[in-house]
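Working notes, beginning with the structure itself.
No lab work stands behind these numbers, since they all come straight from the coordinates. Worth saying up front: this structure is predicted, and the values here are computed from it rather than measured. Please note: Cβ atoms are built from the backbone with ideal geometry, for glycine as well, and neighbour counts cover all protein chains shown.
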């Protein structure tokens, strides 16, 4: 059943590359969501991704009490990106964003960052998270990680009877910018990390190969990479009591939540745990809040998770 207000797919006039925007809902206000740039095996895979991600953004904004709807955009990186080609496709994407007349406002996502938002801003005012030296809030990795830690605190209290994960074993699948910040904040915990990029391996933490990360016997699993990682097959292999992480669209379908429940595994929905970045960005860039005020809004995720699990 079609749930979205719009899906627009274009071939960029400068780059010849495919870009798309899925606008899920503007019922609560202009839709917000990140711009993802990655390779897909098929265009249909990109369309599926952008539709799922945009719906998740609506849920994320609703759970966080943000007066916005959800959207997402994708740039299909179907060839190696030279600096000029990257700039061209970003300008093509800015044209597409502009066509929504402010109904969609973009930020960084997988494969893009503040410098890319600066390029978008050349042609559209509807881009968040510019570099700080250009008046934006920069990377949202810090607030996103902070929100996950707030969710972990509440969920840990629910499952283990304590807010503190010291002495617990935590597996972080995806050791990128957010995963690393989470790992370094878990003082006293035994942390095992995993990443498809083997160069991310460090002696500071334990290591699990990506195909084995979901089998490690531990207390907590933190999915921090791409989505679609919790399938019926994966859930059957899990050896944890709690799953909390920032990866979007963690379940391959909604029925996987029932499988987690059957196994007695508590799962905090990703659209709740991963909301720190959008909460912080909109507090600063839309509401004019200062840094500390915006962080306090992020910290409310702990209260949201406590209420959710109760």
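Figure legend: label point modelled 7 angstrom from the Cα of residue 207 along Cα→Cβ; no residues of region 149-183 have amide N under 11 Å from it. Going by neighbour counts of Cβ atoms within 10 Å, the residues 149, 51, 221 line up, fewest first, as 51, 149, 221.
Secondary structure note: in the chain, about 30% of the DSSP beta bridges are antiparallel. Taking the longest Cα principal axis of the chain as reference, the axis of helix 141-160 is set at about 30 degrees.
Computed extension length for residue 122-residue 87: 11.5 nm, one decimal, from 0.36 nm per residue of separation with the Cα-Cα distance subtracted.
A crude spin-label estimate for the pair residue 78 and residue 300, with each label 7 Å from Cα along the Cβ direction, gives 4.3 nm.
For the pair residue 177 and residue 196, label points projected 7 Å from Cα toward Cβ lie 1.8 nm apart.
Pairwise alpha-carbon distances in region 141-273 exceed 24 Å for 18% of all pairs.
Cα centroids of region 208-274 and region 17-33: 27 Å apart.
Hey, what did region 6-134 get for relative contact order, percent, Cα under 8 Å, at least 6 apart? Could the numbers behind the result be given before it?
Numbers: 275 pairs, mean separation 37.9, N = 129.
So the answer I get is 29 percent.
What order do you get for 8, 170, 74 when you list them from fewest to most C-beta neighbours inside 10 Å?
Numbers: 8 14, 170 26, 74 30.
Neighbour counts put them in this order, fewest first: 8, 170, 74.
For region 49-159, a/c is not less than 1.5, where a ≥ b ≥ c are the root eigenvalues of the C-alpha gyration tensor, and a/b tops b/c. That puts it in the prolate class.
Axis angle, to the nearest 10 degrees, between helix 276-285 and the longest C-alpha principal axis of the chain: 40 degrees.
Calculate, in nm to one decimal, what residue 286 and residue 217 gain on full extension: separation in residues at 0.36 nm each, minus their alpha carbon distance.
On the way: separation 69, 0.36 × 69 = 24.84 nm, distance 4.30 nm.
Length gained, residue 286 through residue 217: 20.5 nm.
A simple spin-label model places pseudo-atoms 7 Å from Cα toward Cβ; at residue 293 and residue 252 they are separated by 4.6 nm.
FRET efficiency for the residue 162 to residue 11 pair, using the beta carbon distance and R₀ = 51 Å, is estimated at 0.40.
Rounded to the nearest 500, what is the 222 nm mean residue ellipticity of the chain from helices alone, with -39500 (n - 2.57) per DSSP H run of 4+ residues and division by all residues?
Value at 222 nm, helices only, nearest 500: -12000 deg cm²/dmol.
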